[in-house]
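Following: one structure in structure tokens, then a few remarks.
Nothing in this text is a laboratory measurement; each read-out follows from the coordinates by a stated rule. Because the structure is predicted, anything quoted here is derived from the model rather than measured. Reconstructed Cβ throughout: ideal geometry from the backbone, glycine too, with neighbour counts over all protein chains shown.
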Amino acid sequence: MPVWKPEAYIDGKPLKPESLMMKYGYRPELSEGAIKCPVFLTSTFVFKSAEHGKSFFEVAYGLREKGPSEELGLIYSRLNNPDLEILEDRLKLWDNAEGCAVFQSGMAALTTTILEFARPGDLVLHSEPVYGGTDYLLKHILPRFGIEHQGFRAGASVAQIREQLAASGKLGALSFILIETPANPTNALVDIRALADLAAELSTPARRILVAVDNTFLGPLWQHPLKHGADLVVYSATKYIGGHSDIIAGVCLGSVELMQRVRTLRTIFGTITEPWSGWLLLRSLETLKLRMTCQMKNARYVANFLEDHPKVERVYYLGRLGEDHPDFELYRRQCLAPGAMISFDIVGGEAEAFRFLNALKLFQLAVSLGGTESLAEHPASMTHSDVSVADREWLGIGDRMVRLSVGVENPEDLVLDLERAFRAV
């Protein structure tokens, strides 16, 4: 289990993450008493002595192990920076992780992580559907490096996945399992524990198969993949963690051992985020629970409205799963709340979906998600347009699907806007 700094406890009792977001990891006395961490806009840092510089580089490049009470010294902002170190300390709290690395984007986090643990000739097993950029990375970019991929549909049983692997003849090449759950944009769930157990079963002393989970849709509040056996959890911090649609960033969390490898490759690739974005993320973490709770409650209200609307064929929302739904028990076991992402099939097709989207006033027509404002988009022609038509049909991403990211506006006003847009259809 991770060991937190002394300020994480009062009378031996651990404080909750939302309480620690205000000051954990920051010492005002080192910054002229400023109650908030300043923005450290610097490329390099001055060493106290040549001996300190040597010691810092030994740890940074893995030439020796860090001492029990030794901190990684500040060297260069491509390696570390005060804003980013404090940010990583606080992000670890939500997922109860040992290590964390922040990146320029969610795709930078995912790409750096996969390339650290997959080699030419290896196989990456992944759930489907996934975010369109991830789909392109898996199917078009990784093969250039000799890394193959094999997808399985979200909801497939472990037995079915095992059969797929056996039929492919590439079982022995499997090195990495990537899960996106809930899936973008269908909200389909993947059993993290079941895949973690499969990875452990198929691992050998010479080849450890890792499981990474893209947890962007539910964010750090509503699902904790490491508790369910995942080795790594990845976020697009652009979304709920940033939460204001004003920065691009990514996060990867896991054990000290695994994150040291990820951080080393991040240093060489230069995919670390910059101090200003780190500072903005620190600001956003202070209201993360407030925002995500409000968004989740608003989404429930919106989903209830959509469920009963005559121009809606089907609603894809975790908060509407009935006890007879195949994902119901998994949702109860794996998720803490349904989040704020809703997809629905409108009665008709692309023309009807476009008329609906063009008539919205409060919901804004834009991709991305997790910001304070409510957004609407058309996955088939926007975020998932790179996915082949055949794959979109197989995964249920049709021309009639609309995806909503519900924000913090008044829920009655959001429904008023939706009702008005449906009249245009």
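Side notes on the structure shown:
- For region 277-336, convex hull of alpha carbons as volume per residue, Å³: 126 Å³
- 0 to 90° range, to nearest 10: angle between helix 158-168 axis and the chain longest Cα axis: 80 degrees
- Computed from Cα positions, the angle between helix 192-202 and the longest principal axis of the chain comes to roughly 60 degrees.
- Alpha-carbon Rg with Dmax, taken over region 289-424, Å: 14.5, 40
- Estimated [θ] at 222 nm from DSSP helical runs (n ≥ 4, -39500 (n - 2.57)) normalised by residues in the chain, nearest 500: -11000 deg cm²/dmol
- Net charge of neighbours whose Cβ lies under 13 Å from the Cβ of LEU226, counting Lys and Arg as +1 and Asp and Glu as -1: 0
- Mean projected area of the Cα convex hull of region 99-173, taken over all directions, amounts to 5.8 nm².
- Whether region 170-210 is rounded, prolate or oblate, judged on the alpha carbon gyration tensor where a/c under 1.5 counts as rounded: prolate
- Full extension of the chain between ARG332 and HIS52 yields a length gain of 95.7 nm, computed as 0.36 nm times the residue separation minus the alpha carbon distance.
- Where both bridge residues fall in the chain, DSSP classifies roughly 55% of the beta bridges as antiparallel.
- Summing charges over all other residues whose Cβ lies under 11 Å from the Cβ of LEU20, with Lys and Arg as +1 and Asp and Glu as -1, gives +1.
- Simple Cβ-charge dipole of the chain, Lys/Arg +1 and Asp/Glu -1, about Cα centre, in debye nearest 20: 520 debye
- Gained length - LEU265 relative to ARG162, 0.36 nm times residue gap less alpha-carbon distance: 33.9 nm
- Of the chymotrypsin sites (Phe, Trp or Tyr not before Pro) found in region 4-111, those that fall in a DSSP loop while having at most 15 other beta-carbon atoms within 10 Å are TYR61.
- The angle between the Cα long axis of helix 82-95 and the main principal axis of the chain comes to about 50°, on a 0 to 90 degree scale.
- In this structure, the residue pairs whose Cα-Cα separation is over 29 Å, taken from LYS5/LYS48; LYS311/LYS361; LYS139/LYS239; LYS66/LYS239; LYS227/LYS297, are LYS66/LYS239.
- Loop-located trypsin sites (Lys or Arg not before Pro) in region 322-425 (DSSP state not H, G, I, E or B) with no more than 16 neighbouring Cβ atoms inside 10 Å: LYS361.
- Kirkwood hydrodynamic radius of region 219-296, Cα pairs, Å: 13.7 Å
- Under the criterion of Cα pairs below 8 Å and six or more residues apart, the relative contact order for the chain equals 16 percent.
- Modelled spin labels at ILE141 and LYS311, positioned 7 Å past Cα toward Cβ, are 3.8 nm from each other.
- Net charge contributed by nearby residues that have their C-beta within less than 15 Å of VAL387 (K/R +1, D/E -1): -4
- Rule-of-thumb Rg ratio for region 77-285 [Cα; 2.2 N^0.38 Å; N residues]: 0.97
- For the chain, the convex hull drawn through the C-alpha positions has a volume of 156 cubic angstrom per residue.
- Restricting attention to region 77-285, close to 40% of DSSP beta bridges with both partner residues there are antiparallel.
- Top of THR204, THR113, THR287 by mean-square fluctuation, Gaussian network on the chain, Cα under 10 Å: THR204
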